[in-house]
Amino acid sequence: MILPSVRDPAMITIRRGGTPTDDDHHLLALWAATCAERVLGLFEATCPGDARPRAAIEAARDWAAGDLSMMAARALGGHAMGAARPLTGAARFAAYAAGQAACVGHVAEHDLGAAAYAIKAAMAAAPAGERDEVRLAERDRQRALLPPAVRQLVFADQVRRNDLCWGVFGDG
């Protein structure tokens, strides 16, 4: 469960009564797609013939560009999550990251779902003794990729939802 029971207006677009602009929402989707794409190979190594997670990442980008409806992107996200369900470990988390990225157009807060699942995928692929080091490195890479316009928004959301996201955004 990565979504809070009470939505934060800072993560709801202006059109729905919150504060982020549509441009901010698009930037969150693009960032989520980039986070998911970084670990996509972990899924594709296990399921080379299954294009659903890759299609979900493309859908997130297409939605942000205005080339795909939110409903179509969300449906492709659901298909990627369907690809994840029978799997375990890194491949499963990578597919979930892709599915979450495609759903950002529907609910902006899925951006952290994509990022958190990508971190979990990287951790699952790492040797047991290196998982926390890998977690911090991937978290920091993701943060470095944040567009300046949404950086503080995402940092604040990571603090607020760290516990819901398995603690992957914390420092310790």
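Given the DSSP H assignment, sum -39500 (n - 2.57) over each helix run of at least 4 residues in the chain and divide by its residue total; what's the result at 222 nm in deg cm²/dmol, nearest 500?
Counting only the DSSP helices, I get -21500 deg cm²/dmol.
At a 1.4 Å probe, what is the % contribution of carbon and sulfur to the accessible area of the chain?
Numbers: 4310 of 7720 Å².
Of the solvent-accessible surface of the chain, carbon and sulfur hold 56 percent.
Once all Cα-Cα distances of the range 97-137 are split into 5 Å bins that start at 0, what whole-number percent is in each one?
6, 28, 24, 15, 13, 9, 4, 1
State the answer as a single residue: which of 152, 121, 33 lies farthest towards the positive end of the charge dipole of the chain, with beta carbon charges of +1 for Lys and Arg and -1 for Asp and Glu, about the Cα centre.
Final value for the positive-end residue is 121.
Which of 64, 122, 51 ends up with the largest GNM mean-square fluctuation for the chain, with Cα atoms connected below 10 Å?
Comparing 64, 122, 51 in a Gaussian network model of the chain, the most mobile one is 51.
Assigning unit charges at the beta carbon (Lys, Arg +1; Asp, Glu -1) and nothing else, what dipole magnitude in debye, to the nearest 20, does the chain show about its Cα centre?
On the way: 19 positive and 20 negative charges, 62 e Å.
It works out to roughly 300 debye.
How large is Rg/Rh for the range 1-147, to two decimals, with Cα atoms and a Kirkwood Rh?
Taking Rg over the Kirkwood Rh, I get 0.98.
Would you report the distance distribution of C-alpha pairs in the range 113-162 as whole percents per 10 angstrom bin, up to the bin with the largest distance?
Percent of pairs per bin, in order: 25, 52, 21, 2.
Mind checking the per residue accessible area of the range 62-146 for me, 1.4 Å probe, whole number of Å²?
Value for the range 62-146: 38 Å² per residue.
So what is the relative contact order of the chain, in percent, for Cα pairs below 8 Å that sit 6 or more residues apart?
Averaging sequence separation for qualifying contacts and normalising by length gives 25 percent for the chain.
The values are calculated or read from the model by the stated rules, or taken from the named source; none is laboratory data. Nothing here was measured: the structure is a model prediction, and the numbers come from that model. Note that each Cβ is placed from the backbone with ideal geometry, even for glycine, and that neighbours are counted across all protein chains shown. We work out accessible area using only protein heavy atoms, side chains counted, and drop any ligands, DNA or RNA first. Shrake-Rupley method; radii C 1.70, N 1.55, O 1.52, S 1.80 Å.
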